[in-house]
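K.L.:
A single structure is presented below for examination.
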Amino acid sequence: MKPPSIAPGRLDELIVGCAKARVLVVGDVMLDQYIWGHVGRISPEAPVPVVEFDRESFMPGGAANVARNVHTLGAKTELLGHVGRDDAARRLRALLGEQDITCEGLLASPARTTSVKTRIIAHQQQIVRVDRETRGAVDERDTIRLLAAIEKNLPGADAVIVCDYGKGVVTQALLGGLHQLCRARGVWLSLDPKPVHELSLAGLSLLTPNRREAFELAGVSDGTRNADPLKDPSLMRVADTLLMELSPALLLITLGDLGMLLCQRGQKPFHIPTVAREVFDVSGAGDTVIASFTLAVAAGASPVEAAIFSNHAAGVVVGKVGTATVSPAELAESFRREG
């Protein structure tokens, strides 16, 4: 069956609308380091491959990657969060500056280390990842500083995306304060939840858990999967539970190679099959989903249009190695291939 799509003229309208939008991205920022090499032998010290170094590269990660995705689709983007006073923070600010992403809202704290994820890649495959980070919750004073920076930048914003990767920036105090600020101003508020955090998620505009996260949020074990998500009773029960208990305006459950499930109260769930042709790397795919869906809504898309839009964006990104973004031209080409 042909997957649902968006007519070319309507797609053009949404892409133009994206370029007129302004989005704040708030949360756990990271620096992604890639060490590229090749494997020619096994170590005599242990049964592990020896990666011979070729080059290294750095990219903004975490919330900074969400900001990159929003910016690449044409919107004005401002990134807010906490970093350490270290070389990683300086490199991250420089990279964001090169990509014209405003990051005056990145607040330095001497008590924190900027999160760095080092991926070692050989022959286009990730061998191992090393994480250096602070995971403790940001203290109350720094949370108040961040909320003040958000309130200062909120006028004129079309949407706010909260990026929780469990590194301590997204606390209940931050989320509660942000929810109040957005509700008072009618600003759309999206969150990709992390069940390891026991946060109150009720009443947000958009939640984008993957299947595992959705089951954890509902407090139930995952059951037998069905190739057709609409005929998966365990998944349907979890979706109903989250809609009833958390009352998001929209719930988008990402399902990997099975695509996405869009859920709204009072309506039947809508399944969007994946359009990915080749999958090289899924790192950052969730960043692309929440960025492109939120931006599509800001551009005037209906929930179904936004889901289709973000499904195509994710399909492009997983065909690239590393945390990647999708351009308007690449997005349009993805729709043309399916047309």
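K.L.:
Between 159, 218, 306, which gets the highest mean-square fluctuation from a Gaussian network model of the chain, Cα cutoff 10 Å?
P.N.:
In this elastic network of the chain, the residue with the biggest mean-square fluctuation among 159, 218, 306 is 218.
K.L.:
Specify which residue in the list 79, 251, 266 is farthest towards the positive end of the charge dipole of the chain, using unit charges on the beta carbon of Lys, Arg (+1) and Asp, Glu (-1), about the Cα centre.
P.N.:
Looking along the dipole axis, the top candidate is 266.
K.L.:
Follow-up question, since we're still on this one. Kirkwood hydrodynamic radius (Cα pairs, Å) of segment 1-155?
P.N.:
Its Kirkwood hydrodynamic radius stands at 17.9 Å.
K.L.:
Tell me, Kirkwood radius of segment 191-330 from alpha-carbon pair distances, in Å?
P.N.:
15.2
K.L.:
Under the rule of -39500 (n - 2.57) per DSSP H run of 4 or more residues, summed and divided by the residues of the chain, what mean residue ellipticity at 222 nm is obtained, to the nearest 500 deg cm²/dmol?
P.N.:
Calculated at 222 nm, the ellipticity per residue is -11500 deg cm²/dmol.
K.L.:
How many nm separate the modelled label positions at residue 173 and residue 148, each set 7 Å beyond the Cα in the direction of the Cβ?
P.N.:
Placing both labels 7 Å along Cα→Cβ, they lie 1.3 nm apart.
K.L.:
Sticking with this structure for a sec: List the residues, sorted by chain then number, that are 5 or more residues from residue 102 or on another chain and whose placed amide H is less than 5 Å from its amide H.
P.N.:
Amide H neighbours of residue 102: 77, 79.
K.L.:
While we're here: So how do 35, 42, 161 line up by other beta-carbon neighbours within 10 Å, fewest first?
P.N.:
42, 35, 161
K.L.:
Which residue, 94, 19, 324, has the most motion in a Gaussian network model of the chain that connects Cα atoms within less than 10 Å?
P.N.:
Answer for the Gaussian network model of the chain: 94.
K.L.:
Set the bar at 24 Å for Cα to Cα. Now go through 268/320; 231/268; 152/194; 117/194 and name every pair that lies beyond it.
P.N.:
268/320; 152/194
K.L.:
Taking amide H positions as placed 1.01 Å from N in the peptide plane, with prolines and chain starts having none, which residues 5 or more places from residue 210, or on another chain, fall under 5 Å of its amide H?
P.N.:
Amide H neighbours of residue 210, under 5 Å, 5+ apart: 254.
K.L.:
Pairs of alpha-carbon atoms within less than 8 angstrom and 6+ residues apart define the contacts here; what relative contact order does segment 155-227 have, in percent?
P.N.:
29
K.L.:
While we're here: Dipole size in debye (nearest 20) for the chain around its Cα centre, Lys and Arg Cβ +1, Asp and Glu Cβ -1?
P.N.:
The calculated dipole for the chain is roughly 300 debye.
K.L.:
Stokes-Einstein D for segment 146-192 at 25 °C, 0.890 mPa s, Kirkwood Rh over Cα pairs, in µm²/s?
P.N.:
Translational diffusion coefficient: 225 µm²/s.
K.L.:
Round to the nearest 0.05 the FRET efficiency obtained for residue 264 and residue 337 when R0 = 25 Å and r is the Cβ-Cβ distance.
P.N.:
0.30
K.L.:
Taking only the alpha-carbon atoms of the chain, what semi-axes of the equivalent ellipsoid follow from 5 times the gyration tensor eigenvalues under a square root, in whole Å, largest first?
P.N.:
Ellipsoid semi-axes (Å, largest first): 29, 26, 21.
K.L.:
Output the relative contact order of segment 171-280, whole-number percent, from Cα pairs under 8 angstrom with separation of 6+ residues.
P.N.:
The normalised contact order for segment 171-280 reaches 21 percent.
K.L.:
Can you give me the three principal axis dimensions of segment 106-179 from its C-alpha atoms, in Å, biggest first?
P.N.:
Taking the Cα atoms of segment 106-179, the three principal extents are 46, 30, 19 Å.
K.L.:
A further question follows. Among 244, 260, which comes first, then next, by fewest other beta-carbon atoms within 10 Å?
P.N.:
244, 260
K.L.:
Report the equivalent ellipsoid semi-axes for segment 189-239 in whole Å, largest first, defined as the square roots of five times the eigenvalues of the gyration tensor built from alpha carbon atoms.
P.N.:
They are 21, 12, 8 Å, listed from largest to smallest.
K.L.:
Right, something else. Run the numbers on the chain and let me know its relative contact order in percent, using alpha-carbon pairs under 8 Å that are six or more apart.
P.N.:
Reported as a whole number, the value is 19 percent.
K.L.:
I've got another one for you. Distance in nm between label sites at residue 123 and residue 245, each 7 Å beyond Cα in the beta-carbon direction?
P.N.:
Rounded to a tenth, the inter-label distance reads 4.5 nm.
K.L.:
Now, a different point. So how compact is segment 64-103: Cα radius of gyration and Dmax in angstrom?
P.N.:
Computed over the Cα atoms of segment 64-103, radius of gyration and Dmax are 10.1, 30 Å.
K.L.:
State which stretch of the chain is the longest one without any exposed GluC sites (Glu not before Pro), exposure meaning a DSSP loop state and at most 14 other Cβ atoms within 10 Å.
P.N.:
It runs 46-197.
K.L.:
Counting only the backbone N, which residues of segment 13-33 are under 14 Å from the spot 7 Å out from the Cα of residue 87 toward its beta-carbon?
P.N.:
So the set is 33.
Here, each number is a calculation from the coordinates, and none is a lab measurement. Just so you know, these numbers come straight off a predicted model, no measurement behind them. Glycine gets a Cβ as well: all are built from the backbone with ideal geometry, and neighbour counts include every protein chain shown.
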